[in-house]
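Notes for the one structure printed next.
The numbers here are math on the coordinates, done by the rules we state, and not lab data. Because the structure is predicted, anything quoted here is derived from the model rather than measured. Please note: Cβ atoms are built from the backbone with ideal geometry, for glycine as well, and neighbour counts cover all protein chains shown.
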Amino acid sequence: MAKIKKGDLVVVISGRDKGREGRVLEVLTQTQRVVVEGVQRVTKHVKAGQSARGTQTGGIETVEAPIHISNVMLVDPETKKGTRVGYRTEQIERDGRSRTVRVRVAKRSGKDV
């Protein structure tokens, strides 16, 4: 189970984009990779075609490529630095029923993520 989720603010800890921050756009669980906004940008040559309205498409685009999940770290909400992620279990009472919920916690500051 991945500790990084879509929408999280992460910092890259290795590779050519080391130190860059960005939001997670997509998590690819099968290959253990994440797509981060503004990180690992590559040029992609798109074949020319036509859209439904008849406008030309294609050319050279820059898109974000996936990077391995081990190369990113969650940004701590308090210290604004990279942190590991842990879990805390809580008991929640709702409508007379008790249920257990796992809450993600930043290891650096102990705050909820």
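Under the criterion of Cα pairs below 8 Å and six or more residues apart, the relative contact order for the chain equals 20 percent. Report which label in (1) 49, 47, 20; (2) 37, 28, 28; (3) 59, 37, 25 holds the value of Cα extents along the principal axes in Å derived from the coordinates of this structure. Correct label, based on the coordinates given: (3). Taking the fewest neighbouring Cβ atoms within 10 Å as the starting point, the ordered list for Ile69, Ile60 is Ile60, Ile69. For the residue pairs Lys6/Lys81; Lys6/Lys47; Lys3/Lys80; Lys6/Lys80; Lys3/Lys81; Lys3/Lys107, alpha carbon separations beyond 24 Å are given by Lys6/Lys47.
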